[in-house]
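The values are calculated or read from the model by the stated rules, or taken from the named source; none is laboratory data. Keep in mind the model is a prediction, meaning the values are calculated, not measured. The accessibility values were calculated without ligands, DNA or RNA, using every heavy atom of the protein model including side chains. Shrake-Rupley method; radii C 1.70, N 1.55, O 1.52, S 1.80 Å.
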Amino acid sequence: MAQKHTLLKQKRSPKMGSFSRKSRFEDRALAYLFLGVYELSMLARKPTFLMTLLVLVACGGEAAQMPTEQESGISQGAESLFPEPEQIIEGSDAREIGAEQTFADLVALIKALDSAGQTHSDAGCLLDVKEQPWQFRADVAVAHRPVPESVDDIDPLLATIEAVQIHTRWGVLGRAARGPKVVALTTSPMDLHEQALAVFLTDEGVYARTTSLAINPPFADKLAIGDLPHALARVKDAYDGVFDGAYVVAEDDIALGQIHRVLKAISTLDLATAFAVVLPASATLGKPGLAKQRSKEGLCSGLPAIAPGAPFAELSATQLQNIQKALDKAGHRCLEHSCGTGVTGGVVKVAIQFNPHGEISQSCIMDDETGDVSLRECLLSAAKSIELPVLEGYVNLQLPLRLVHLPTEQQRPLCD
């Protein structure tokens, strides 16, 4: 009897990577680049210092509510200035996932990381299979919330060869496509004018689709998974420079071991690669993840005047540096969770006033290139949680922050 070229679905494992609750933000990659001097205005003496801080951050989704509980003072450094979120996934097993686990398990892990605000990774790759258990290394960047579930049967959606529509954090690829809608779960290229390749893995085989019918898929019919490397190698030169990225989708009970084989084949194309889910035919996405309208709502012209005769204080260089780091961390979290016009970053100027108790008594956003109200609210909420030791008087700070993205949009299928 001829051997059937089908994938065997594995039973969905109830076990997902273990989670613990300690903080892991100190291990994140945050790069700091000082572009100028930042402005520190003392209301009475009015000496002025200017510093622009480059905050390198990765993108997330909806604006997050930042915690308000505060730990200890500035003398212990920036880590103590900004408390961690309540829901924390931590430990060496935080991103663990086994070869026998399923695509549904992977989606559940992505959702857990997204909910905990632990989406960023600078590994630049999706899956690390060098050692057991495997590690999910991707930079998470979900296109929509709530994160869609994986689908148990994709084959009917691919019965005809139609272009697919892919929703990413940056917008939509293939807006005119009439085929299945795909929602990215991990970081993908920001350019929405390029073409993308979608690879679907089911129990019946592997399918390829593009975001435009003007570009034929690398293969028209579904293939056995064992034939995929040869098929992609055959067309590699013909498709060189055609696609800007590849999106890998699987049915919910396809084992990670099978997905690894697909990633290994795609790696020969040298394409930035992302994990994604496909929506059922009847599903709708509702409100798009990327808002179109910029707003100046809530911007201020400066801090309110302090009563005549009130004392003023100065901060040490160490205190200023720790405040900067605390705001960096806030900007990192807020931009990771932004789904508005601020998703691409920009310069935001924050004004903060400390009272003699070391608490922030006033704060506002003076300028904002992003025009993202939710991003501004998140930053201000984060800033209010910063505390200093008792001061000799009031301190006013104006902090221009340039929010840009870490170079994580080029995600390799497999880690070296």
For the range 102-155: rounded, prolate or oblate by the Cα gyration tensor [a/c cutoff 1.5]:
oblate
Please compute the length gained on full extension between Ala238 and Glu194, using 0.36 nm multiplied by the number of residues separating them and subtracting their Cα-Cα distance.
14.2 nm
Filter the cross-link list Lys181/Lys236; Lys130/Lys329; Lys181/Lys222; Lys222/Lys264; Lys111/Lys222; Lys111/Lys296 down to pairs whose alpha-carbon distance in this structure exceeds 22 Å.
Lys181/Lys236; Lys130/Lys329; Lys111/Lys222; Lys111/Lys296
Can you pull the accessible area of Thr318 for me, 1.4 Å probe, Å² to the nearest 10?
90 Å²
Surface accessible to a 1.4 Å probe, per residue, for the residues of the range 130-186, Å²:
41 Å²
Is the shape of the range 143-286 best called rounded, prolate or oblate, per the rule: a/c under 1.5 gives rounded, else a/b larger than b/c gives prolate, else oblate, with a ≥ b ≥ c the square roots of the Cα gyration tensor eigenvalues?
rounded
